[in-house]
Amino acid sequence: MNKVKDKWGFRPETSNTLDLDKTDIDWYRRIVEKIPGLQSCIFCGSCVSTCTVNRDGMSFREMHLLLRRGEVQKLEKLVAPCLLCGKCALVCPRNIDTRSVIYNLKILMYAPV
Amino acid sequence: MSAEKDRKVAVVGAGVAGIAAAITLKQSGVEADVFEKEETVGGHLKNWHALFPGRENASVVLRGVEESILSHNLKVQTGTMVTSVTRNEDNYRLTTETGLSTDYKAVVLSTGFSLFNAARKEEYGYGIYPYVITSPELEKLLEDPGKGLLIGGEPPKKVAFVHCVGSRDAKVGNHYCSKVCCITGVKQAISVKELYPDCEVMNFYMDLRMFGLGYEELYQEAQEKFGINFIRGRVSEAAPTFDGAIQVKAEDTLLGRPLKVKVDWLILLVGMEPDKMTAQLADSLGVETGSSGFFEGENKFLKPGCSKVEGVFIAGACTGPSSIPDAVNQGRAAAVSVLEYLSGKE
């Protein structure tokens with residue numbers, strides 16, 4: 001790509017479009033196997049609004065969405081601050097075991113089996 | 001009490017609302033003549049395979065309608081288009097396209113709805129690409145699982161639904177919500193997934209309006225049990241790919257990024273529009289229509305089924321998008337209003 005730039009002085013813009021045909025949602029599938037209730041998330045955001053460490057970058061809603069879209073490289077900063085306190089699970093209207101979702105995601109991230 | 005022939009009522013439209021109104025009148029001793037422009041009764045019911053939210057067999061419900069017509073000895077003139085209804089002193093003169101005119105004491109308008117013509121949303125490619133179809137067309141395909149959505153004998157790999165086609169869209173002049181499409185989309189997504197468990201099914205929506213009892217539960221079942229992917233974002237365009245599939249573009253508005261995906265079938269959940277008879281009859285009778293073109297009642301809170309014109313009653317989807325139980329309730333309510341009106345005349 002840099003060669004193109006050297007030759008022409010510009011290069012084609014990379015698209016911001018997410019290609020759903022090319023996303024790898026293996027992690028999402030593996031977590032859903034353990035916690036099928038995650039699929040019923042309606043992205044209401046009550047988990048985020050109750051989160052103690054949201055100011056440190058924690059967002060369950062965003063993490064889940066990126067997980068579903070295969071953007072796993074962006075997940076770490078969104079779950080690293082989590083204290084596994086479980087307040088998000090208390091407020092979830094779909095009664096999703098959000099704490100287990102984060103716990104299982106952390107296993108995939110730090111201690112894959 | 002006047003002779004029975006003087007109390008005759010005309011019902012225009014033999015959908016579920018019109019039939020419910022006519023049967024309620026008949027049960028109360030009032031003769032009702034039903035006119036239907038199609039060759040069969042039941043309106044749009046005959047175009048559906050399964051009904052939401054319980055996915056009951058539509059043909060069973062249709063048979064129930066047909067049986068009640070027989071058991072009540074109801075007079076239904078099918079294949080008869082009503083061209084005008086005019087007021088003639090204390091009567092309403094109903095004229096059919098054969099030129100026959102009959103006088104009635106009261107008229108129930110249950111002219112129903114028309115489906116939105118999906119070809120008007122050219123960007124979705126309906127009528128251009130063969131694998132872009134409407135929700136009623138999918139119902140027809142689901143009736144025959146041997147054919148279904150198979151492409152060259154192979155099950156589809158990806159199917160996408162587009163919600164709000166012809167509804168909530170100022171571009172086509174329909175600002176209103178058609179009410180029934182959200183839950184229809186959920187129901188049909190489940191049916192596709194049941195038929196083809198390995199198929200990825202996704203629904204593109206603006207909002208999901210699960211207002212009826214059992215709707216939200218079905219939505220949750222679609223997510224959790226069937227793994228259907230609900231993506232918030234309105235599809236902006238569909239285009240063919242080199243291998244004959246359809247590429248869909250939308251924004252994932254929760255993620256805040258545009259996305260594209262290749263699907264084998266694109267199902268357009270078409271909304272409801274007033275039938276063209278609605279405007280015609282509104283003109284000839286002076287019945288008011290609201291900004292959306294559906295009949296408007298005298299008092300939608302306390303006088304269901306009464307139009308602003310004395311002796312003219314309205315029921316079913318000609319008053320706005322309705323589900324089958326809604327339309328039946330409206331038909332029965334309009335009949336009670338007719339009975340009140342007729343007894344006040346005596």
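A short reminder: the numbers here are calculations on the coordinates, not readings from a lab. On a predicted model such as this, the values are computed, not experimentally measured, just so you know. Backbone-built Cβ (ideal geometry, glycine too); neighbour counts: all protein chains shown.
How large is the helix-only mean residue ellipticity at 222 nm for chain B, computed as the sum of -39500 (n - 2.57) over DSSP H runs with n ≥ 4, divided by its residue count, in deg cm²/dmol to the nearest 500? Kindly include the intermediate steps, with their values, before the conclusion.
Numbers: 7 runs with 92 residues, N = 346.
After summing the helix terms and dividing by residue count, I get -8500 deg cm²/dmol.
Which value in nm describes the separation of the simple spin-label points at A:Lys34 and B:Lys147, placed 7 Å from the Cα toward the beta carbon?
If labels sit at A:Lys34 and B:Lys147, their model points lie 4.7 nm apart.
So what are the ³J(HN,Hα) numbers for the stretch B:92-97, from phi and the Karplus equation (6.51, -1.76, 1.60; θ = phi - 60°), rounded to whole Hz, Gly and Pro as x?
The phi angles translate into 10, 9, 9, 10, 9, 5 Hz.
Once phi is turned into θ = phi - 60°, what whole-Hz ³J(HN,Hα) does the Karplus curve with 6.51, -1.76 and 1.60 give for every residue of the stretch B:65-79, x standing for Gly and Pro?
Couplings: 5, 5, 5, 5, 5, 5, 5, 9, 6, 7, 8, 10, 9, 7, x Hz.
Exposure proxy check: B:His44, B:His175, B:His72, A:His64 ranked by fewest other beta carbons within 10 Å? Don't jump to the answer; show the numbers that get you there.
Values: B:His44 19, B:His175 11, B:His72 16, A:His64 24.
Lowest to highest Cβ neighbour count: B:His175, B:His72, B:His44, A:His64.
Near the amide H of B:Asp169, under 5 Å away, which other amide H atoms are found, from residues 5 or more places off or on another chain, if H is placed in the peptide plane?
Amide H neighbours of B:Asp169, under 5 Å, 5+ apart: B:Asn174, B:His175, B:Tyr176.
So which trypsin sites (Lys or Arg not before Pro) in the stretch B:115-162 are both in a DSSP loop and have at most 13 other Cβ atoms within 10 Å of their Cβ? Walk me through the intermediate numbers first.
On the way: sites: B:Arg120, B:Lys121, B:Lys140, B:Lys147, B:Lys157, B:Lys158; in loops: B:Lys121, B:Lys147, B:Lys157.
Within the stretch B:115-162, the qualifying trypsin sites (Lys or Arg not before Pro) (loop, at most 13 other Cβ atoms within 10 Å) are B:Lys147.
If you wrap a convex hull around the C-alpha atoms of the stretch B:26-171 and split its volume per residue, what is the figure in Å³?
Values: hull volume 28.2 nm³, N = 146.
About 193 Å³ per residue, rounded to a whole number.
When a footprinting reagent is the concern and you count Cβ atoms within 10 Å, what order do B:Trp48, A:Trp27 take, fewest first?
Numbers: B:Trp48 22, A:Trp27 18.
With the sparsest Cβ surroundings first, the list reads A:Trp27, B:Trp48.
Could you pull out every residue, at least 5 positions away or on a different chain, whose amide H is within less than 5 Å of the one on B:Asp252? Hs are placed 1.01 Å off N in the peptide plane, and Pro or chain starts have none.
B:Arg257, B:Leu259
Once phi is turned into ³J(HN,Hα) by the Karplus curve 6.51 cos²θ - 1.76 cosθ + 1.60 with θ = phi - 60°, what whole-Hz value does each residue of the stretch A:7-12 show in order, with x for glycine and proline?
6, 10, x, 8, 9, x
Averaged across the residues of B:52-62, what count of C-beta atoms belonging to other chains lies within 10 Å of each residue's C-beta?
0
Mean 1/r over all different Cα pairs, inverted: what Kirkwood radius does chain B give, in Å? Could you put the intermediate results ahead of the total?
Working: mean 1/r = 0.0469 Å⁻¹.
By the Kirkwood definition, the hydrodynamic radius is 21.3 Å.
How would the stretch B:118-272 be classified by its alpha-carbon gyration tensor: rounded, prolate or oblate, with rounded meaning a/c under 1.5 and the a/b versus b/c comparison settling the rest?
Working: a/c = 1.33, a/b = 1.08, b/c = 1.24.
It is rounded, given that a/c, with a ≥ b ≥ c, falls under 1.5.
Whole Å is fine, so just give me how far the alpha carbon centre of the stretch B:199-259 lies from that of the stretch B:321-346.
Cα centres, the stretch B:199-259 to the stretch B:321-346: 38 Å.
Determine Rg/Rh for the stretch B:278-337; Rg is computed over alpha-carbon atoms and Rh is the Kirkwood hydrodynamic estimate from the same atoms. Don't skip to the answer; put the middle values down first.
Working: Rg = 10.6 Å, Rh = 11.3 Å.
For the stretch B:278-337, the value is 0.93.
Would you list the P(r) distribution for the stretch A:22-110, with all Cα-Cα distances sorted into 10 Å bins from 0 and each bin expressed as a whole %?
18, 57, 23, 1
Check B:Val11: other-chain or 5+ apart residues with amide H under 5 Å from its amide H, H built from backbone geometry?
Distant-sequence amide H within range of B:Val11: B:Asp33, B:Val34, B:Phe35, B:Val108.
For the stretch B:181-277, which chymotrypsin sites (Phe, Trp or Tyr not before Pro) are in a loop by DSSP, counting at most 15 other Cβ atoms within 10 Å?
Values: sites: B:Phe204, B:Tyr205, B:Phe211, B:Tyr215, B:Tyr219, B:Phe226, B:Phe230, B:Phe242, B:Trp265; in loops: B:Phe211, B:Phe226, B:Phe242.
Loop-located and lightly packed - B:Phe211, B:Phe242.
In Å³ and rounded to a whole number, note down the convex hull volume per residue for the Cα atoms of the protein assembly as shown.
Details: hull volume 89.4 nm³, N = 459.
Looking at the protein assembly as shown, the number lands at 195 Å³ per residue.
For a Förster distance of 41 Å, can you work out the FRET efficiency between the beta-carbons of B:Asp243 and A:Ala80, rounded to the nearest 0.05?
0.45
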